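Structure first, commentary second.
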Amino acid sequence: MEGLRRLDYRGYDSWGVAVLDENVIKVEKQVGIVAKERPTLPETTIGIGHTRWATHGKVSVPNAHPHYSTDKSFVLCQNGIVENVEELKKELIKRGYEFFSETDTEVIVRLVEEKRKRAKSLEEAVRLAFNDLEGRNTIIVLADNGDIVAARNGSPLVLGLSKNEKELYFSSDVFSFAPHVEKILVLNNGDMVVCRDRAFTVFAIDTGKKLKPLFEKNLLKDVSVDKRGHPHFMEKEIEEAPFVIRQVVAEGDAKYKKLAAAIKKARTVYCIGSGTAGAAAAQTAYYLRTYGRINARELIGAEAHEYEPLIGKGDLLLAPSQSGETADVLEVLEHAKRKDASIASHVNMPGSMMTRMSDFAFMANAGPEICVMSTKIFVSQIAWGYLVAKAVEGKLAEGKKNLLETARTIEKMLANKDYVGKIKHLAQNLSKKEHIFLLGKGQNLQIIKEGMVKIIEGSYKHAHAIPAGDLKHYAITLMEEGVPVIVAISNDEVKAEVLNAVHETSARGASVIGLAPERHDAFEDYLHVPDTGETSAIATIIPFQLLAYHMAVTLGHNVDKPRNIAKSVTVK
Ligand code: BG6
């Protein structure tokens, strides 16, 4: 239960636990958040649990995991999506199997049952069934004789061993068991583990061959996660922006210069990410084009298919990611690796697959980010992107100096109670609106896109980021009396063009909120963003994050766990 609660931050809709009680498996499942009180299940020393984020089948108790085998001799939990589920299910129904849920998970259960008829052991049946699955899947099985079998192909799977080696943990996230274990074993795709009679063995799923487990130190053992007196993790994490920028600067010059040299030599440079990390990847590409004069391209993880045939030897992919386990991005990186391209990553969670497969692995060292809405990690990711570009430009020291100044500037912004109070007031007004528009260009184009993401995640309202130059081509039809337009302007080469767009909106009655170093007549409301030159975009994201935070609070939403989204999406 404690482990499932520590997975709370990842986002889910239902949960379940199975325990072994004298060779009988007892299960409790519920919809909603993991219960604070203890389930009505017997004491045990062996059990498995799961938090579900619905993919196949609605949010319901029957669809929650674990799922029983027909004879209740084993139960199974899954993270992933079985892409050939229809075909497998049709075949299993023909063989007389029944299904009590709408999930693809139960299809795996029946498949294991079918394989077991001819297999010499449970793990052999799991291995054979697993090899029939298409898609990225990770499963864990508990049998009524106490055996546990787990297999990974996609979603993360890690083992933890306590100091006295008397406690063994399996999980999708080190965080769930971090305080209890001394060392961890990250399973690779294609690995399977069998735990029997208090011992465990690692095998290759495709060959069944034994593998030597390579344990490593648990870096999260003493990492505490508390709100440090803040009402929400989001507010605390927004206020950690100066710290995470200093962490990016603290990384040694040699590492940046090594990556910069590889970028300059690369055939094509791609920057790839999903969600907020997708905006950070695009901002990194912008900095590489602007300061590195590198023709870098941005890719959204789930929308990169047509690039796959183009990616190959000599190419370099840069991937910012909080978790390092986002399936959309991992799939493209795995393809790139197979094609001999190189990978650079900037990740926050230790022990991730992305870090493992990287030729240039950077860690954010920003501490856990608990709120599902990414804030401090976005700041860390774009600060990293800027510094990598400055290293390519051959001005790494100047880049570090600019970032340290920006960290001090942001510190002053966050410490200014009137400033934050004003943002709170604007957020309360915006919370009454149904549609919110954001306008920006150049260094602020991805900032308004991420501002839009934050406002959508925090307020559940329709927000729309409009590239300033594109306004007149379509979005201007949406401009009318009273519609809120938040514009991000910096003292840069596109300032005048953005102001033109602002005038076009206010001429049609829009009420403009300006985020800028100076106030302009067309602004109805104004939030000062100090001019930090090349890094102005990094300072400009802070008021957007605070607006989203205060809108979420004003609207009474679950700030740290907005509905329907998850902290790390390990399914495609
Ligand atoms: C989403 C998160 O699920 O995944 C976003 O809600 C995040 O905050 C995105 O940016 C990508 O995740 P990651 O771990 O690759 O940064």
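Here are the numbers for the structure shown:
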read-out: Full-extension gain in nm, Y526 to R5, via 0.36 nm per residue minus C-alpha separation; value: 183.4 nm
read-out: Between helix 276-290 and the chain: long-axis angle, C-alpha atoms, 0 to 90°, nearest 10; value: 50
read-out: Exposure proxy ranking, count of Cβ atoms within 10 Å, fewest first, for R356, R10; value: R356, R10
read-out: Euclidean distance between Cα centres, segment 331-358 to segment 35-80, Å; value: 31
read-out: Cβ-Cβ FRET estimate between D71 and H503, R0 fixed at 51 Å, reported to 0.05; value: 0.10
read-out: Quarter of Cα convex hull surface for segment 354-461, i.e. mean projection, nm²; value: 9.1
read-out: Helix 417-430 vs. the chain, principal-axis angle (Cα, 0 to 90°, nearest 10); value: 80
read-out: H464, H67 arranged by Cβ crowding within 10 Å, fewest neighbours leading; value: H464, H67
read-out: Shape category assigned to segment 381-440 from the gyration tensor of Cα positions, a/c cut at 1.5; value: oblate
read-out: R356 paired with T207, simple spin-label distance in nm, labels 7 Å along Cα-to-beta-carbon; value: 1.7
read-out: Spatial separation of Cα centroids for segment 201-269 and segment 541-565, in angstrom; value: 25
read-out: Pairwise label distance in nanometres, H425 with N164, each label 7 Å out on the Cα-Cβ vector; value: 6.0
read-out: Lys/Arg +1, Asp/Glu -1 at C-beta; segment 353-439 dipole; positive extreme among V392, H435, M357; value: H435
read-out: Rounded if a/c under 1.5, otherwise prolate or oblate - segment 14-81, Cα gyration tensor axes; value: oblate
read-out: Relative exposure of D531, D328, judged by other C-beta atoms within 10 Å (fewest first); value: D531, D328
read-out: Cross-link pairs K29/K433; K29/K89; K395/K572 - those with Cα-Cα distance over 30 Å; value: K29/K433; K395/K572
read-out: Within segment 489-527, trypsin sites (Lys or Arg not before Pro) in DSSP loop having at most 16 other beta-carbon neighbours inside 10 Å; value: R508, R519
read-out: Total lysine pairs whose alpha carbons fall under 18 Å of each other in segment 123-245 (8 or more apart, or interchain); value: 10
read-out: Between 0 and 90°, nearest 10: helix 85-94 axis offset from the chain longest Cα axis; value: 20
read-out: Förster-model FRET efficiency, 41 Å R0, K36 and L478, C-beta, rounded to 0.05; value: 0.35
read-out: Protection-proxy order for peptides 254-265, 97-108, each taking the mean of Cβ atoms within 10 Å per residue, highest first; value: 97-108, 254-265
read-out: Pairwise centroid distance, computed over Cα atoms, of segment 1-16 with segment 375-442, Å; value: 31
read-out: At 0.890 mPa s and 25 °C, Stokes diffusion of the chain via Kirkwood alpha-carbon radius, µm² per second; value: 98
read-out: Kirkwood hydrodynamic radius (C-alpha pairs) into Stokes-Einstein, segment 406-499, 25 °C and 0.890 mPa s, D in µm²/s; value: 170
read-out: Values of log10 I(q)/I(0), in the order q = 0.12, 0.19 Å⁻¹, for segment 490-572 under a Debye, Cα-only, solvent-free model; value: -0.52, -0.93
read-out: Length gained when the stretch E334-A496 is fully extended (0.36 nm per residue, less Cα-Cα span); value: 54.0 nm
read-out: Pairwise FRET efficiency - E87 versus R198, Cβ, R0 = 45 Å, nearest 0.05; value: 0.70
read-out: Percent RCO, i.e. relative contact order, over the chain, from Cα pairs under 8 Å lying at least 6 residues apart; value: 12
read-out: Whole-number D in µm² s⁻¹ for segment 88-191, Kirkwood Cα-pair radius fed into Stokes-Einstein, 10 °C, 1.306 mPa s; value: 105
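Here, each number is a calculation from the coordinates, and none is a lab measurement. If you're wondering where the values come from, they're calculated on a predicted model, not measured in any experiment. Every residue, glycine among them, receives a Cβ derived from its backbone with ideal geometry; neighbour counts consider all protein chains shown.
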